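Down below is the structure, laid out as C-alpha cells.
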Ligand SMILES: Cc1ncc(COP(=O)(O)O)c(C=O)c1O
C-alpha cells in the first residue's frame, strides 16, 4: 500500500467490502412458524413472549423480565412502575437517543442533564450528584455505546439520596459490570430490540427487575394497567398505563435472536479490543475508554480527534476516512439532546405548559458532552467484521492520522 493517505492521492486502505452476515435465518423462521401455528399472537395466550421473558430473566439472574414494544416503551414502563409523576425530576445523559427522554416528558416529569466523562462518554457521578434537588426521584443511567456508567458510584449516590436507579441498556446488551450483567444492578434495566441493536425483532423492548412489586407494576405499565399473570387480579387499573404489549411474532424472533447474543457480543469484543490495541499509539486521536470494571459490548466505536495534535477537525478527519473506504461519521447525534427546539422552546405539547416551567435548556449546560460531540467520530461495529476489516481500518486510520499530524509538526 502507498504511504500517502487516500485524501492525498494514495490508494484507499479499505480494498475489500466489510464482512457481512444475515441477521435473520432458519432459527427465526422456525420460531415465527411455531408462533403462527399456535393460532394466537397474543402474548398472554402464546408461548414465545413468555419464553423470551423467562430466558432473559434467567440470563440476567433476576426474577422478572417483561417484554414490550420498544426501548422507548421499556423506559416509559420503568418510569411508570417507579411512580414518576408530573413535576418530578429525572437525571439522565445529554448524549442519547430521544427514546431515553421521551418517556420522562410523557410522565410530565423534568429531564435534568448530567455531564459526561470525556473518554468513557458516560454520566459523571459528581455531575449527577450536583443535579440532585428535592424534586429528583430517579437517575436514568445511559450505558452509551455498550459501556456501563460508573454503577458503583451511581448506586451508592442513589441509595444515599433515596433515588431509583434505572438503567438504559438499549445500546448495551451483553455488557457486564464487575462480572454482572448490566440492567440488574439498578432497580430496573431497560433494553431495545430495534433493528439496529445487538439483537433485534423489528421493534421491541425488555425490562428486568428483581423486585416483586416493580415486576407487577411493569406488567401493568405495559398492558393498560392490567396484570394477566395467573393468580393476579386482571382488571383494576390503579394508574395510567400504555398498551406496550409485545406480540408473539416479535417474541418468536426475539427468542431466536437471544440465542445468538453471546456469539454477537464476543465477536464484537474481540474485534474492538484488537482495534484499540492497533490504534493505541496513534497521535491526534483518543480512543474510547471503558469504565473501570466494565466489559463493554461495543455497540459502536467512538473516537475523538484532538484537533491541536491532529491538525484536523472531526469533519475533515471523517472525510479522510471516507476516502479510505472506512465507514465513519462525525458528531454522532450532532448536538446535545437539551439543544433540540423541543427543550429550548419548552414546546413538547402544542398547548399548555409543561412541568419543566422555567428550567433553561440550551448550549452550555454540559461542556464535556458538547466537546465530545464536536470532536467525535463514530465507526460502526458489526460482529461479522473480519481480520481483513481490522487490518484495513486500523491501517487507514493510522495512515491518515499520521499524515495530518506530520503537517502540524512541520509547521
Ligand atoms: C440509549 C438509547 N435509549 C433508548 C433508545 C430507544 O429505543 P427504541 O428505538 O427501541 O425505542 C435507543 C435507541 O436507539 C437508545 O440508543
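The values are calculated or read from the model by the stated rules, or taken from the named source; none is laboratory data. Just so we're clear, the structure is a prediction, and the values are computed from it rather than from any experiment. All Cβ positions, even for glycine, are placed from backbone atoms using ideal geometry, and neighbour counts span all protein chains on display.
Checking 371, 320, 312 one by one, the residue that is in contact with a helix residue (DSSP H, G or I) (Cβ under 8 Å, 6 or more places away or on another chain), at pLDDT 95 or above and in a helix (DSSP H, G or I) is 320 and no other.
Consider segment 142-151 and keep the residues that are assigned to a loop (DSSP other than H, G, I, E, B) and within 16 Å of the ligand (Cβ to nearest atom). The one that is surrounded by the most Cβ atoms within 10 Å (Cβ to Cβ) is 149.
Can you find a residue in segment 295-307 that is more than 24 Å from the chain's Cα centre (by Cα) and assigned to a helix (DSSP H, G or I)? Yes: segment 295-307 contains one or more residues that are more than 24 Å from the chain's Cα centre (by Cα) and assigned to a helix (DSSP H, G or I).
Residues in segment 28-42 that are under 30 Å from the mean Cα position of the chain (by Cα) and more than 30 Å from residue 210 (Cα to Cα): 29, 30. Hey, can you tell me all the residues within segment 113-141 that are without any contact (Cβ under 8 Å) to a residue 60 or more places away in the chain, surrounded by 21 or more Cβ atoms within 10 Å (Cβ to Cβ) and in contact with a helix residue (DSSP H, G or I) (Cβ under 6 Å, 6 or more places away or on another chain)? Residues satisfying the conditions are 125, 139, 141. Selection over segment 72-100 of residues that are assigned to a helix (DSSP H, G or I) and either near the ligand (Cβ under 9 Å from one of its atoms) or at positive phi (or both) gives a count of 7.
All of (1) touching a strand residue (DSSP E or B) at 6+ places or on another chain (Cβ under 8 Å); (2) closer than 28 Å to residue 264 by Cα; (3) within 16 Å of the ligand (Cβ to nearest atom) hold for residue 60 with one exception: (3).
Among the candidates 45, 24, the residue that is modelled with pLDDT of 95 or more, in contact with a helix residue (DSSP H, G or I) (Cβ under 9 Å, 6 or more places away or on another chain), more than 29 Å from residue 213 (Cβ to Cβ) and surrounded by fewer than 20 Cβ atoms within 10 Å (Cβ to Cβ) is uniquely 24.
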